[in-house]
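*Asks:* My questions will all concern the structure given below.
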Amino acid sequence: MKKGLKAFSLIMAALLTLTMGAALAEDTLTMGTNAEFPPFEFVDGDAVVGVDAEIAAEIAKDLGLKLVIENMAFDSVIPALVSGQIDIGVAAMTVKPERLNSVDFSNTYYNARQACIVRKDGKVTDEETLKGTAIGVQNGTTGDYAAEGYSETVERYGKALDAVLELAGGKLDAVIVDAPVAQNIIDALNNDNLILLDNIEFEDEFYAVAVAKGKPELVESINKTIDRITEDGTLDAILLKYFPVADDAE
Ligand code: ARG
């Protein structure tokens, strides 16, 4: 009897350890992003912060999981989802029909457009003068695709910031990147010679969370979180935290 009890508790202990081990492996939600896209994602010290990191934290919280963030090249995010290296891609990623061939998207959480940064003293002033010039972009982004429509000379960088630095230094004629990020970079560089063209009409783009195909429950819970934070004001608070409120109407 005693022996039996001992064996029983040993088995129970082993089972407990096993389930705990499994739970440990499964109690994380891994987000892949490219933290070169302020204010959506950027590195602060050794943490990845920004609008998307905070949205992902809300998603993880609702799922009862611990958020882990992996920082990678933007064009690695979709492959990392497909291979199962990460659970969610939260990278200011625009929903594009081509991307829907490889991943699924949640409901959208932000509406952006591309913007064209030029030098005030440069030759590009509008859509016509943009044509055929040297345009810098972040590799694999919608800015990259937009630039292809204007020129055959598209220079691709790992970070939009590097493209803007090349523009400032005169090596490029323009940079096309998501408008909120364009403004953020210009503000950070504090370079009066860099301006945004306001006479090119880019299409609306909508950001969403990307998930590997065949995970409808995960998409469903992400949508629930997006709905919740939209309704309870959390999303607005997050956006307000990272977007400076315009203090003039220059
Ligand atoms: N919205 C653009 C796209 O989907 C650019 C996203 C770049 N994101 C990043 N984290 N670097 O292509």
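Laboratory data are not the source of any read-out in this text; all were calculated from the coordinates shown. Not measured: the values here are computed from a predicted model. When we count neighbours, we look across all protein chains shown, and the Cβ atoms used for this are built from the backbone with ideal geometry, even at glycine.
*Asks:* Skipping prolines and chain starts, which residues have an amide H placed within reach, meaning under 5 Å, of the one on Glu155, given they are 5 or more residues away or on another chain?
*Replies:* For Glu155, the qualifying residues are Ile135, Gly136, Val137.
*Asks:* Let me have the relative contact order for the stretch 36-128, percent, based on Cα pairs under 8 Å that are six or more residues apart.
*Replies:* For the stretch 36-128, the relative contact order is 19 percent.
*Asks:* So what is the calculated 222 nm ellipticity per residue for the chain, using -39500 (n - 2.57) for each DSSP H run with n of 4 or more, over all residues, to the nearest 500 deg cm²/dmol?
*Replies:* On the way: 9 runs with 100 residues, N = 250.
Helix-only estimate at 222 nm: -12000 deg cm²/dmol.
*Asks:* In nm, to one decimal, how far is the Asp27 label point from the Asp62 one, both placed 7 Å along Cα→Cβ?
*Replies:* 2.2
*Asks:* List the residue ranges in the chain for DSSP H helices whose C-alpha atoms run 24 angstrom or more along the long axis and whose Kyte-Doolittle average is 0.0 or above.
*Replies:* Details: long enough: 2-26 (36 Å, 1.06).
What comes out of the filter, once short or polar helices are dropped, is 2-26.
*Asks:* How long is the gain from Thr230 to Asn199 if the chain were fully straight, where each residue apart is worth 0.36 nm and the alpha carbon distance is subtracted?
*Replies:* Numbers: separation 31, 0.36 × 31 = 11.16 nm, distance 3.13 nm.
Extra length available between Thr230 and Asn199 comes to 8.0 nm.
*Asks:* List, in order, the whole-Hz ³J(HN,Hα) value for each residue of the stretch 194-204 obtained from phi through the Karplus relation with A = 6.51, B = -1.76, C = 1.60 and θ = phi - 60°; use x for Gly and Pro.
*Replies:* Result, rounded to whole Hz: 9, 9, 9, 6, 10, 10, 10, 8, 8, 6, 5.
*Asks:* Further question on the same structure: What is the ratio of the Cα radius of gyration of the chain to 2.2 N^0.38 Å, with N the residue count, to two decimals?
*Replies:* Values: Rg = 22.2 Å, N = 250, 2.2 N^0.38 = 17.9 Å.
Here the Cα radius of gyration is 1.24 times the empirical estimate.
*Asks:* In addition: Going highest first, how would you order 163-171, 136-144, 61-69 by mean Cβ packing within 10 Å? Before the final figure, lay out each step's value.
*Replies:* Working: 163-171: 17.6, 136-144: 23.7, 61-69: 14.9.
Top of the packing list down: 136-144, 163-171, 61-69.
*Asks:* Going down the table (Lys66/Lys224; Lys66/Lys159; Lys120/Lys241; Lys215/Lys241; Lys61/Lys159), which pairs top 24 Å between alpha carbons? Could the numbers behind the result be given before it?
*Replies:* Working: Lys66/Lys224 18 Å; Lys66/Lys159 28 Å; Lys120/Lys241 30 Å; Lys215/Lys241 31 Å; Lys61/Lys159 30 Å.
Pairs exceeding the cut-off: Lys66/Lys159; Lys120/Lys241; Lys215/Lys241; Lys61/Lys159.
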